[in-house]
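The values are calculated or read from the model by the stated rules, or taken from the named source; none is laboratory data. A quick note: this is a predicted structure, and the numbers were derived from the prediction, not measured. All Cβ positions, even for glycine, are placed from backbone atoms using ideal geometry, and neighbour counts span all protein chains on display. Protein only, heavy atoms only, side chains kept; ligands, DNA and RNA dropped before computing areas. Shrake-Rupley method; radii C 1.70, N 1.55, O 1.52, S 1.80 Å.
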Amino acid sequence: MNPKTFKIKSFGCQMNVYDGERMAELLGAQGMAAAAEGDDADLVVLNTCHIREKAAEKAYSDVGRLRREDGSKPLVALAGCVAQAEGAEAQRRSPLIDIVVGPQAYHRLPQMVVEATRGARPVDTDMPAISKFDAFPPRRRANPSSFLTIQEGCDKFCTYCVVPYTRGAEISRPEADIIAEAHGLVDAGARDIVLLGQNVNAWTSDERDFADLIRSLAVIDGLERIRYTTSHPADMNDALIAAHGEVAKLMPYLHLPVQSGSNRILKAMNRSHTVETYLATLERVRAARSDIALSGDFIVGFPGETEEDFEATLQIVDAVGYASAYSFKYSPRPGTPAATMEDQIPRDIMDERLHRLQARITKHQLAFNQSKTGLATEVLIERRGRHGRQMIGKSPWLQSVHVETDAQPGDIIPVTLIGAGPNSMSGAERQKAAA
């Protein structure tokens, strides 16, 4: 029997969230409906991440929990990067998996569901050149802040990373297609669009670069805010840096991963920047947009990392003063060069270093938020809070702001920031100035 309801559970990065939304649209176009919260679904799609070992293991654990008390189970589709990396082996590892579909082939999911209902166990991990986007229905639903994938894949080959193997080579969507999807999102209620890519600032199409795309998007009526992630230091060119100072809709926030503060470790990671070139890039960005909030990624415990190397990472955190940052323990991924390097770091040392790093990051996050206390700004309301008239929105610097207001999701309201914690701020709504 063909499934009538579905659930999609996405793990990992924002691109997986976007992919999950598009798969839901594909299934909806086939007449299926999203199952209500707490209800069983006829089809469950686990949209997986392979960047870290725990995320992959969690996906298999979730597969096992899908068997119901009466012994039945839904149709199970394993999607995303674990599916790409393991292919048919995933079904041998877990016989509960009916469908395996990689991130470049999920436009075929509706047809694969049909095949599975007929007794097949389809697997598709092909990597066609972005043809999946042509199969998507028009965007008809959007959150106040919505994701839009513009680029996929990676050519950088960092020694710790599986992305080049699970997402393929760097490829950019045509500008006209991106503009059309952005218009659809705005028509559906989006006020803020977050442009996504494994190396989003490497986007290029017909001799136009990422800064050109941002300027094209900025003229769309109703689109009030533009952000992007994840960017690579090697692709922060002069035009993009200038856009941060010249395009009012491009928010004062930049996520630019560095991964380590040690040049020796950066070289072992095959990162193309040094500490010095990275800091010089941030200086240029701050010169273009003095109030910009800076964010980064860090890996602790990379093979061969000494205490001196780790101290250098703490030093770069202090030097930059990140408004936010993401930090992770190194996780060896099969097939990557770093997985077979000598001097793998013991888990207890990684745990201790991560704790110290996160404490340092939290200190700077709090300091950044406190520096905005008393500032008058605008907040994009995204969702309801936990009580009364409390709503939660985002500041231009991507801070979560709690405010008492009658405004609704999608509204942009004037707010004075009045309180700061390390992870959020409180605000007081101001009266709009008379026209």
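Here are the numbers for the structure shown:
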| item | result |
| --- | --- |
| Sole residue being of a type in the set (Val, Ile, Thr) and touching a Ser or Thr at 6+ places or on another chain (Cβ under 9 Å), chosen from Ile226, Ile179 | Ile179 |
| Given (1) part of a strand (DSSP E or B); (2) of a type outside the set (Asp, Glu); (3) open to solvent by 20 Å² or more (accessible area, probe 1.4 Å), index of the condition Arg227 fails | (3) |
| Odd one out for Glu53 among (1) within 22 Å of Gly197 (Cα to Cα); (2) among the charged types (D, E, K, R); (3) modelled with pLDDT of 90 or more | (3) |
| Some residue of the range 130-137 being small (Gly, Ala, Ser) and either in a helix (DSSP H, G or I) or in contact with a His (Cβ under 7 Å, 6 or more places away or on another chain) (or both) | yes |
| Only one of Ala90, Ala56, Ala83, Ala35 that is touching a Lys or Arg at 6+ places or on another chain (Cβ under 7 Å) and among the aliphatic types (A, V, I, L, M) | Ala35 |
| Single condition Thr362 does not satisfy, out of (1) open to solvent by 70 Å² or more (accessible area, probe 1.4 Å); (2) of a type in the set (Ser, Thr, Tyr); (3) touching a Pro at 6+ places or on another chain (Cβ under 6 Å) | (1) |
| Filter result for the condition that a residue is more than 29 Å from Ala90 (Cβ to Cβ) and in contact with a strand residue (DSSP E or B) (Cβ under 6 Å, 6 or more places away or on another chain), over Val123, Val194 | Val194 |
| The one condition in (1) in contact (Cβ under 8 Å) with a residue 40 or more places away in the chain; (2) under 15 Å from Glu224 (Cβ atoms); (3) assigned to a loop (DSSP other than H, G, I, E, B); (4) not hydroxyl-bearing (Ser, Thr, Tyr) that Ala407 fails to fulfil | (1) |
| Single condition Gly80 does not satisfy, out of (1) farther than 16 Å from Gly20 by Cβ; (2) in contact with a strand residue (DSSP E or B) (Cβ under 7 Å, 6 or more places away or on another chain) | (1) |
| Residue ranges of helices (runs of 4 or more DSSP H) in the range 254-346 with at least 3 members small (Gly, Ala, Ser) | 275-288 |
| Some residue of the range 212-222 being closer than 23 Å to Asp297 by Cα, in contact with a strand residue (DSSP E or B) (Cβ under 8 Å, 6 or more places away or on another chain) and either open to solvent by 40 Å² or more (accessible area, probe 1.4 Å) or modelled with pLDDT of 95 or more (or both) | no |
| Which listed residue, of Gln365, Gln358, is in a helix (DSSP H, G or I), under 30 Å from Asp406 (Cα atoms) and touching a strand residue (DSSP E or B) at 6+ places or on another chain (Cβ under 7 Å) | Gln365 |
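Residue by residue, here is whether (1) within 30 Å of Gly304 (Cβ to Cβ); (2) out of contact with any Gly (no Cβ under 7 Å at 6 or more places or on another chain); (3) at pLDDT 95 or above holds:
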{"site": "Ile97", "(1), (2), (3)": "no, yes, yes"}
{"site": "His107", "(1), (2), (3)": "no, yes, no"}
{"site": "Asp124", "(1), (2), (3)": "no, no, no"}
{"site": "Arg139", "(1), (2), (3)": "no, no, no"}
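Each row is one residue, and each column tells you yes or no for (1) open to solvent by 10 Å² or more (accessible area, probe 1.4 Å); (2) over 27 Å from Thr373 (Cα atoms); (3) over 24 Å from the mean Cα position of the chain (by Cα).
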site: Thr274; (1), (2), (3): yes, yes, yes
site: Leu282; (1), (2), (3): no, no, no
site: Asp291; (1), (2), (3): yes, no, no
site: Gly301; (1), (2), (3): no, yes, no
